[in-house]
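Encoded as C-alpha cells, the structure appears first; notes follow it.
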Amino acid sequence: MTHVRFPFVATAVLAVFVLAAGAAGAQGSAAEPADDAWAAPRTPFGHPDLQGVWANNNATPLQRPEILGDRERLTDEELAAIRSRAEELFALDADDAAFGDSVFTAALNEVQNFSSRDTATGNYNQFWMVERDWDNRTSLIVDPPNGRIPERTEAARMRAEAASMKRQRHAVWTDDRSLGERCQSFGAPRLGAGYNSYYQLFQTPDHVVILMEMAHDARIIPLDGRPHLGDGVRQWLGDSRGYWDGDTLVVETRNYSPYANTMGAAEHLEVTERFTRTSEDVLQYEVTLNDPTTWVSPWTAMIPLRASQDALYEYACHEGNIGMEGILAGARRKEAQEAAAAR
C-alpha cells in the first residue's frame with residue numbers, strides 16, 4: 001500500500017546538464033551545518049529530545065555511481081542540472097514511478113524514457129510519490145571513501161546466486177517467495193528512500209522506540225545497560241541495546257535471524273547506529289554494517305533525516321496477504337500450461 005504525501009512538481013532550473021569529472025567540490029553539505037549556538041532540546045529526564053516523525057526522502061544515492069569516480073560532492077551547478085533533469089523525467093504525470101536511487105541515477109545518466117525494473121506492469125505513476133530532498137553529496141556511504149559497498153565475499157555471492165535461481169522457479173509454497181512478498185519482514189536497518197521511509201521516535205528514561213512506517217515494525221530499545229539476549233535467541237530485526245554517548249544515541253544490534261535478509265546479510269550481521277540531532281529539523285543518522293561473511297569490510301552510511309509534520313500511515317501489506325494466493329495460483333496455472341505443452 002502506498003499513499004500521497006506531497007506531489008512531485010516539475011520546476012526546471014537549468015536547460016543544460018554539465019558534469020565535468022575534474023570539477024571542483026561543491027559548497028553544499030549532507031545536512032545543514034550545525035549552529036554552534038543551537039542546542040538540542042531536552043526531555044524532562046534530561047536526554048536530547050529526538051522524538052517526532054523523521055523522513056528519509058534523500059535523492060542522494062546510497063552508493064556513488066561509478067562514473068563519478070572519487071568525487072564526494074557535486075558543484076552547485078551540477079546538482080541543479082541533475083535536479084532539473086529529474087524533475088523533467090519524474091513530473092507529476094510520469095507513467096512509471098522511480099524508487100530509491102533510481103531518481104538520481106536516471107537523471108545523472110540522462111535517461112530519455114525511464115522504465116522501472118517491473119517491465120511487465122510498471123510501477124505506480126509518479127503522482128503517488130513524495131518529493132525528494134537534494135544535496136551535493138554523491139553517496140550516502142561515507143566509508144569506504146569510494147562511496148560504495150565493499151565487495152561481497154565468495155560465500156555471499158553464492159548465496160545471492162542461489163536466491164536468484166530460487167526466484168526464477170515456480171513458487172511451490174509461500175516460503176519460496178521473499179520475506180517482503182510474504183509480509184513477514186522488511187528488515188532493519190532500512191536505508192531505502194522515498195517509499196514508506198518515515199520513522200517516529202518515542203523516548204522514556206530507559207527506552208527508545210523506533211516505529212518504522214514500512215510494515216509498522218516497532219523496535220523497542222532498552223537503554224538501561226542490560227546485556228544482549230543469548231546467542232540462541234534470534235529475531236527478524238535483531239536484538240538492540242542503546243546508550244547515550246554525549247548527545248548521540250548509539251544503538252548496537254546483533255542476534256539477527258538466519259532467515260532475515262538485510263542487503264544479503266543475516267545471522268552474522270552486527271549493526272551500530274548513531275542518532276544525533278544537529279538542528280531543529282535534521283536528525284543525523286549514521287549506520288555501520290559489519291558482517292565478515294557478507295562483505296570484505298564494514299561500511300558506513302550517513303543519512304540526514306528530516307523532520308516531518310506528516311503522520312505515519314498504516315502499511316497494510318497485502319491487506320491480509322491475498323497477493324500470495326494469486327502468486328501461488330499463477331504458479332500452478334503456469335505449471336499446468338507447461339505440462340500440457342510438453343505432452
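The values are calculated or read from the model by the stated rules, or taken from the named source; none is laboratory data. Because the structure is predicted, anything quoted here is derived from the model rather than measured. Positions of Cβ are generated from backbone atoms using ideal geometry, with glycine treated the same way; all protein chains shown enter the neighbour counts. Calculation scope for accessible area: heavy atoms of the full protein, side chains included, ligands and nucleic acids excluded. Shrake-Rupley method; radii C 1.70, N 1.55, O 1.52, S 1.80 Å.
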Could you check Asp95 against (1) modelled with pLDDT of 60 or more; (2) surrounded by 15 or more Cβ atoms within 10 Å (Cβ to Cβ); (3) assigned to a loop (DSSP other than H, G, I, E, B) and say which number it fails? (2)
Search region 251-293 for residues being among the aliphatic types (A, V, I, L, M) and within 10 Å of Gly238 (Cα to Cα), and hand back the single one that is modelled with the lowest pLDDT. Ala260
Go through region 233-259 and give me each residue that's in contact with a Lys or Arg (Cβ under 6 Å, 6 or more places away or on another chain), surrounded by fewer than 18 Cβ atoms within 10 Å (Cβ to Cβ) and not acidic (Asp, Glu). Thr248, Val250, Ser257
Assess whether Gly232 counts as being modelled with pLDDT of 95 or more and over 30 Å from Arg277 (Cβ atoms). yes
Test each condition in (1) more than 29 Å from Arg132 (Cβ to Cβ); (2) exposed (fewer than 14 other Cβ atoms within 10 Å of the Cβ) for Arg159 and report the one that comes out false. (2)
Of all residues in region 260-278, count the ones that are assigned to a strand (DSSP E or B) and open to solvent by 20 Å² or more (accessible area, probe 1.4 Å). 6
Output for region 46-57, where each listed residue is at negative phi and touching a Leu at 6+ places or on another chain (Cβ under 7 Å): Leu50, Gln51, Val53, Trp54, Ala55, Asn56
Here are the criteria: (1) touching a strand residue (DSSP E or B) at 6+ places or on another chain (Cβ under 6 Å); (2) in contact (Cβ under 8 Å) with a residue 60 or more places away in the chain; (3) polar (S, T, N, Q). Tell me which single one Asn321 does not satisfy. (1)
Considering only residues of region 294-317 that are under 30 Å from His268 (Cβ atoms) and at pLDDT below 95, which is nearest to the chain's Cα centre (by Cα)? Tyr315
Say we look at region 312-343 and pick out the residues that are of a type in the set (A, V, I, L, M) and loosely packed, with under 12 Cβ neighbours inside 10 Å; which of these is nearest to Asn56 (Cα to Cα)? Ile322
